[in-house]
Amino acid sequence: MAAGKEPKKYLVGIYDHEDKVVEAVKKVQKEGVKVEEVYSPHPIHHIDTYIGHPRTRIPIAAFIFGATGTILAITMITFMMKIDWPMIIGGKNPLYPPTMVPVTFEATVLICALGMVATFLITNNMGPGKVEFMFDRRTTDDKYALVVDLDKNTKSVEEIREILIKYGAETTPPPRIVEKP
Amino acid sequence: MAEVHVHYDLNEKYTFTPELKKKLMIGMGVGLVLLILGVILAYAGIGFGHHEAHEAGKAAHEGAKHANTEHHGITPLTRLWANLWLNGVFFTYIAAMGVLFVAIQYVAYAGWSATIRRVAEAFGAFLPFTAIVLLITFFIAGHDLFHWTHHNLYEKGKPTYDPIIAGKAGFFFFPLEAGSFPLFWLFRLVAFIGIWYALYRLLIKNSVAEDYLTDKTDFSFHKRNITIGAIYVVFFGLSESVSAWDWIMSIDTHWYSTMFGWYVFASSWVSALSILTLAVVFLKEKGYLKMVNENHLHDLGKFMFAFSIFWTYIWFGQYMLQAYSNLPEEIEYWVARHDGLEGVYSPMIVMNLVINFLFPFLFLMTRDAKRKEIFLKIAAFGILMGHYLDFFVMVMPGTVKGYGGFFLIEIGTLMLFACAFVYVFATQLAKQGLIAKNHPMMEESLHHSI
């Protein structure tokens with residue numbers, strides 16, 4: 001989105017414990033600082049609700065992909081078994097509904113799963129060959145990063161930095177500004 | 001993270017109010033009256049046997065087919081016995097499944113369910129009552145309900161001799177002579193329910209003893225219950241399957257399905273989960289179980305959703321293979337449920353799939369539906385009715401043939417059993433504290449969040 005334009009500026013506070021960063025997210029927001037994102041080496045329960053992220057819409061995508069799979073499978077079976085080459089198996093009607101169920105089920109699950117993975121990769125800008133920008137390399141190891149978008153906050157950098165330190169951010173080095181290209 | 005202390009009254013006790021007692025008594029009375037009225041009306045020809053005219057023509061048509069099977073007159077009383085048997089079996093399973101829920105929570109070291117464990121524990125108290133109903137019904141009406149009880153099926157040389165059923169004789173009559181007294185079968189009935197109940201009493205004993213612990217770090221009762229729970233899970237897993245063959249599959253003696261045990265399990269397990277959900281929601285509405293929040297309800301909702309689909313999977317797995325292969329000894333079961341027997345049961349089998357699969361699948365799919373009490377109440381009630389219908393379709397075609405239906409007898413028996421179940425359930429629930437307050441994982445349950 002911001003490609004070619006000026007890099008966006010973020011303030012990154014580093015924490016050394018899960019509990020500290022969770023507590024900081026809650027407290028910092030109470031002080032009026034808008035938290036952009038938290039990066040951690042492992043998933044943290046409910047961190048999205050503490051940050052205030054809207055709920056994921058991936059279940060809706062899953063339902064739509066699943067329904068697509070169902071319709072695709074039924075169309076495919078109907079074409080194969082009724083239109084292109086009608087076949088009678090076991091004395092049953094070519095479109096005997098119970099026999100359509102296993103294939104329909106599998107197609108539903110397949111399209112649903114593939115679609116969900118694709119949606120997830122696209123919305124998170126991930127995928128083969130993509131290198132995600134990292135605010136701090138240590139968040140893949142043992143540190144937790146609390147990222148504040150400076151454009152979305154009215155407080156000054158110094159004020160935010162002080163608030164972050166007040167709620168447990170590491171002071172050596174203190175929260176620093178990172179430019180995201 | 002700073003410690004968050006949640007304060008709830010863990011000493012709360014459920015009181016079985018006289019008003020509820022009175023209501024349930026009235027419910028049982030009305031059920032009994034409806035049932036008797038239903039039998040009387042049925043003898044008068046109302047709500048019973050309106051297929052007779054067709055049956056006569058059909059009987060002649062199928063005369064050759066039924067040459068070696070006896071035709072017994074199906075009277076309104078037969079239908080009453082069939083209903084007693086159906087409800088007896090249904091509620092036996094529900095009671096045993098409640099105990100299974102508790103046992104699984106122990107074996108799985110589950111913490112989230114600590115606050116609702118007592119509710120599930122109260123299910124098992126109904127087991128002795130249904131056992132008595134099953135035994136009485138069998139001794140009075142075993143011959144009407146179970147084709148295999150007729151001794152002339154096992155006498156070689158007679159026209160009524162049935163080699164297929166005679167081959168299964170040992171399963172019923174061992175060690176006695178085929179066609180005499182079904183000792184092995186009755187032994188299993190008594191032993192299964194007896195052992196389920198005995199293990200249940202042990203679970204309850206330790207569970208209640210845990211409440212009076214002075215040393216909160218003493219987990220000995222909990223550990224003992226983990227062992228008992230493991231025994232219950234293994235024993236129940238095996239015996240439930242056999243009991244399903246005994247009590248339901250043997251009605252259609254010729255027919256067999258290798259999936260029947262799971263199928264009955266799936267049906268009754270999801271029913272028990274629905275009753276558990278309903279019980280928890282109703283208790284919350286009455287002001288109990290304040291610590292049970294939408295996260296616990298979400299888990300119960302997920303259970304109902306998942307096992308409704310599990311049931312569909314099993315049901316379909318059983319149905320498709322038999323319908324597709326179309327083997328005579330297998331398909332007769334499904335013919336009776338489709339267009340056979342004048343199609344009495346064909347709407348029910350469609351309803352069965354709609355209520356038990358499509359309805360919970362679409363209704364409980366979203367996260368919000370599983371977290372709201374009103375949605376859960378509707379879903380649980382629907383699933384419960386659906387699985388009663390499922391058991392109905394399992395039992396009725398084999399016992400009352402084309403004379404089945406849903407009228408006063410059915411409503412009366414169901415009301416009688418349901419009210420009796422709630423009565424026993426509430427009595428058991430009121431006996432001890434509503435919360436297993438010294439559960440080692442109580443804190444986890446109080447902070448449960450998904």
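Taking the numbered list (1) over 18 Å from the mean Cα position of the chain (by Cα); (2) within 14 Å of chain A (Cβ to nearest Cβ); (3) in a helix (DSSP H, G or I); (4) in contact (Cβ under 8 Å) with a residue 12 or more places away in the chain in turn, residue B:353 passes all entries but (1).
Within the stretch B:319-338, the residues that satisfy the criterion of being closer than 26 Å to residue B:405 by Cα and either hydroxyl-bearing (Ser, Thr, Tyr) or within 11 Å of chain A (Cβ to nearest Cβ) (or both) are B:319, B:320, B:322, B:323, B:333, B:334.
Let's see how each residue does on (1) in the same structural domain as residue A:82 (by TED's automatic domain parsing); (2) in contact (Cβ under 8 Å) with a residue 12 or more places away in the chain; (3) surrounded by 15 or more Cβ atoms within 10 Å (Cβ to Cβ); (4) under 30 Å from residue B:320 (Cα atoms):
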residue	(1), (2), (3), (4)
A:111	yes, yes, yes, yes
A:114	yes, yes, no, yes
A:118	yes, no, no, no
A:150	no, yes, yes, no
A:167	no, yes, yes, no
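Residues in the stretch B:403-450 that are within 21 Å of residue B:272 (Cα to Cα) and within 14 Å of chain A (Cβ to nearest Cβ): 0 in all.
For the stretch B:359-374, does any single residue satisfy the condition of being charged (D, E, K, R), in contact (Cβ under 8 Å) with a residue 24 or more places away in the chain and farther than 27 Å from residue A:62 by Cα? No: the stretch B:359-374 contains no residue that is charged (D, E, K, R), in contact (Cβ under 8 Å) with a residue 24 or more places away in the chain and farther than 27 Å from residue A:62 by Cα. Checked against the criterion of being in contact with a Gly (Cβ under 9 Å, 6 or more places away or on another chain) and surrounded by 13 or more Cβ atoms within 10 Å (Cβ to Cβ), the candidates A:143, A:155 yield just one match: A:155. Of the residues making up the stretch A:66-102, those that are under 18 Å from residue B:309 (Cβ atoms) and either under 26 Å from the mean Cα position of the chain (by Cα) or at pLDDT 95 or above (or both) are A:66, A:67, A:69, A:70, A:73.
The set of residues in the stretch B:366-377 that are closer than 19 Å to residue B:271 by Cα, within 14 Å of chain A (Cβ to nearest Cβ) and of a type outside the set (D, E, K, R) contains only B:369.
From the list A:98, A:102, A:94, pick out the single residue that is without any contact (Cβ under 8 Å) to a residue 60 or more places away in the chain, in a loop (DSSP other than H, G, I, E, B) and in the same structural domain as residue A:62 (by TED's automatic domain parsing).
A:94
Residue A:56 meets the stated requirement of being exposed (fewer than 13 other Cβ atoms within 10 Å of the Cβ) and either among the basic types (Lys, Arg) or within 14 Å of chain B (Cβ to nearest Cβ) (or both). Here residue A:7 meets the list (1) buried (at least 17 other Cβ atoms within 10 Å of the Cβ); (2) over 30 Å from residue A:111 (Cα atoms) almost entirely, failing just condition (1). Going through (1) within 14 Å of chain B (Cβ to nearest Cβ); (2) surrounded by 12 or more Cβ atoms within 10 Å (Cβ to Cβ); (3) part of a loop (DSSP other than H, G, I, E, B) one by one, residue A:134 falls short only on (1).
Between A:83, A:88, the distinction of being in a helix (DSSP H, G or I) and exposed (fewer than 11 other Cβ atoms within 10 Å of the Cβ) belongs to A:83 only.
Look through A:12, A:22 and report the one residue that is under 22 Å from residue A:142 (Cα atoms), within 14 Å of chain B (Cβ to nearest Cβ) and not in a loop (DSSP other than H, G, I, E, B). None of the others qualify; the one that does is A:22.
Here is a yes/no grid of residues against (1) aliphatic (A, V, I, L, M); (2) within 25 Å of residue A:66 (Cα to Cα); (3) buried (at least 16 other Cβ atoms within 10 Å of the Cβ):
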{"site": "B:328", "(1), (2), (3)": "no, no, no"}
{"site": "B:331", "(1), (2), (3)": "yes, no, yes"}
{"site": "B:336", "(1), (2), (3)": "yes, no, yes"}
{"site": "B:347", "(1), (2), (3)": "no, no, no"}
{"site": "B:352", "(1), (2), (3)": "no, yes, yes"}
{"site": "B:363", "(1), (2), (3)": "no, yes, yes"}
{"site": "B:386", "(1), (2), (3)": "no, no, yes"}
{"site": "B:392", "(1), (2), (3)": "no, no, yes"}
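Criterion first (surrounded by 16 or more Cβ atoms within 10 Å (Cβ to Cβ), of a type outside the set (Lys, Arg), outside the structural domain of residue A:144 (by TED's automatic domain parsing) and more than 30 Å from residue A:138 (Cβ to Cβ)) does residue A:67 satisfy it?
The answer is no for residue A:67.
Within the stretch A:134-181, being touching a Pro at 6+ places or on another chain (Cβ under 7 Å) and of a type in the set (A, V, I, L, M, F, W, C) holds for A:164, A:165, A:169. Looking for something farther than 20 Å from residue B:89 by Cα, of a type outside the set (Gly, Ala, Ser) and away from chain A (no Cβ under 14 Å) - is there at least one such residue anywhere in the stretch B:378-396? The answer is yes; a qualifying residue exists. The listed residues are B:135, B:183, B:176, B:189, and the only one of them that is aliphatic (A, V, I, L, M) and crowded, with 17+ Cβ neighbours inside 10 Å turns out to be B:189. Taken together, the criteria place residue B:427 among residues that are surrounded by fewer than 20 Cβ atoms within 10 Å (Cβ to Cβ) and in contact (Cβ under 8 Å) with a residue 24 or more places away in the chain.
The values are calculated or read from the model by the stated rules, or taken from the named source; none is laboratory data. All values reported here derive from a predicted model rather than from experimental measurement. Here the Cβ is made from the backbone with ideal geometry for all residues, glycine too, and neighbour counts use every protein chain on show.
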